[in-house]
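Okay, so here's the structure we're looking at.
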Amino acid sequence: MGAQLRVYKRRIKSVKATKKITKAMEMIAASRIVKAQRQVAASTPYAEELTAAVTAVAGGAEVKHPLTTEVEAPQRAAVLLVTSDRGLAGGYSSNAIKAAEQLTQRLSSEGKDVVTYVVGRKGVAYYNFREKAVADSWTGFTDSPVYADAKRIAAPLIEAIGRDTADGGVDELHIVFTEFVSMMTQEPVDRRMLPLTLESSDAEPEAGKKAAERVQPLYDFEPSAEEVLDALLPRYVESRVYNALLQAAASEHAARRRAMKSATDNAEELIKSLTRLANAARQADITQEISEIVGGASALADASAGSDR
């Protein structure tokens, strides 16, 4: 039984060491979430206002532009997938990959060839292991992205949307990332970035107002509407990619904090269980030693009584 007790003690020591690591990772992730949330809150209004400005310009211009023009029979679509560089974040990356695979299947069922772009080592490893083609990939910054990373990612996407499909271009641009909803909820989503879906910029009329009373905005373009859209296109794509990277980073930290907290709690439960088993083994050893002592004393007593006869 002594050997069994030593085994339990070694396992308890090992689990305690693991618990320290998971607890430290939980605290690090919790501290980084606050910064990531601030960055998301700071970038989201800019991305939304830029999208509104692009929508307004596109709605007031009667020109064909890749930013807003729907292709009659789209043949190729680009999908940008955002995953993480590191693991130990629960199902964060696998859920994003699953959403990208579902989007790819849907686009393929519509008769479109899908060109995949991947951010994060987990996504790259997934496609490499399955020998699936990836047009381009970026790694090394998923937990703390900066705007320069978004510009590097956006550059080939903008180039692809501006080329003809015969030359390797694409007709549509989609992005798949994990949206940060709250500390406990992160949802993988897919959004179409290009062509931009134009929505009416008119506010809902007040009660009693007639549609004719609403003032329609008028725009003058200098030097031309097409050149204005050309200038806004990279800014729009970069801002949407940057906001998606920040949303994904905040989601990654939240998922890792939750996963590490679960691992720490499981380690505590395992330590309690192993401690109970170790105590039972120790008690068994003590009981066995007492039994041996009592048995030895009884044997000596019987031997002494036999010699006195």
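The values are calculated or read from the model by the stated rules, or taken from the named source; none is laboratory data. All values reported here derive from a predicted model rather than from experimental measurement. Every residue, glycine as well, gets a Cβ built from its backbone with ideal geometry; the counts of neighbours run over all protein chains shown. Please note that ligands, DNA and RNA were not included when accessible areas were found on the heavy atoms of the full protein model with its side chains. Shrake-Rupley method; radii C 1.70, N 1.55, O 1.52, S 1.80 Å.
Quick check, is Ala225 in contact with a Ser or Thr (Cβ under 9 Å, 6 or more places away or on another chain) and in contact (Cβ under 8 Å) with a residue 40 or more places away in the chain? Write out each step before concluding.
Details: in contact with a Ser or Thr (Cβ under 9 Å, 6 or more places away or on another chain): no; in contact (Cβ under 8 Å) with a residue 40 or more places away in the chain: yes.
It is false that Ala225 is in contact with a Ser or Thr (Cβ under 9 Å, 6 or more places away or on another chain) and in contact (Cβ under 8 Å) with a residue 40 or more places away in the chain.
Does the range 105-138 hold any residues that are more than 15 Å from Ala248 (Cα to Cα) and under 18 Å from the mean Cα position of the chain (by Cα), and which are they?
Step one: of the range 105-138, the residues more than 15 Å from Ala248 (Cα to Cα) are 105-117, 124-137.
Result: Thr116, Tyr117, Val124, Ala125, Tyr126, Tyr127, Ser137.
Quick test for you: out of Ala248, Ala255, pick the one residue that is over 28 Å from Leu196 (Cα atoms) and either within 15 Å of the chain's Cα centre (by Cα) or not in a helix (DSSP H, G or I) (or both).
So the residue among Ala248, Ala255 that is over 28 Å from Leu196 (Cα atoms) and either within 15 Å of the chain's Cα centre (by Cα) or not in a helix (DSSP H, G or I) (or both) is Ala255.
Of the residues Ala225, Ala284, Ala259, Ala280, which is of a type in the set (Gly, Ala, Ser), surrounded by 12 or more Cβ atoms within 10 Å (Cβ to Cβ) and modelled with pLDDT of 90 or more? Let's see the steps before the verdict.
Values: Ala225 fails: modelled with pLDDT of 90 or more; Ala284 fails: modelled with pLDDT of 90 or more; Ala280 fails: modelled with pLDDT of 90 or more.
Unique residue meeting the criteria: Ala259.
Restrict the check to the range 47-59 and report whether at least one residue is of a type in the set (Gly, Ala, Ser), exposed (fewer than 13 other Cβ atoms within 10 Å of the Cβ), free of Cβ contacts under 8 Å to residues at least 24 places away in the same chain and in a helix (DSSP H, G or I).
Taking the range 47-59 as the starting set, the residues that turn out to be of a type in the set (Gly, Ala, Ser) are 47, 52-53, 56, 58-59.
Cutting the leftovers down to exposed (fewer than 13 other Cβ atoms within 10 Å of the Cβ) gives us 52.
Subset that is free of Cβ contacts under 8 Å to residues at least 24 places away in the same chain: none.
Taking every residue of the range 47-59 in turn, none turns out to be of a type in the set (Gly, Ala, Ser), exposed (fewer than 13 other Cβ atoms within 10 Å of the Cβ), free of Cβ contacts under 8 Å to residues at least 24 places away in the same chain and in a helix (DSSP H, G or I).
Being in contact with a Lys or Arg (Cβ under 8 Å, 6 or more places away or on another chain), at pLDDT 85 or above, assigned to a helix (DSSP H, G or I) and open to solvent by 40 Å² or more (accessible area, probe 1.4 Å) narrows it down to one residue among Glu268, Glu238; which is it?
Working: Glu238 fails: open to solvent by 40 Å² or more (accessible area, probe 1.4 Å).
Answer to the check: Glu268.
List pairs: first in the range 153-165 and among the β-branched types (Val, Ile, Thr), second open to solvent by 40 Å² or more (accessible area, probe 1.4 Å), Cβ under 8 Å, 6+ apart or cross-chain?
Ile161/Pro66; Thr165/Gln75; Thr165/Arg76
Is there a residue in the range 51-74 that is of a type outside the set (S, T, N, Q) and within 21 Å of the chain's Cα centre (by Cα)?
Taking the range 51-74 as the starting set, the residues that turn out to be of a type outside the set (S, T, N, Q) are 52-54, 56-67, 70-74.
Right, trim to within 21 Å of the chain's Cα centre (by Cα) and you get none.
Within the range 51-74, not a single residue is of a type outside the set (S, T, N, Q) and within 21 Å of the chain's Cα centre (by Cα).
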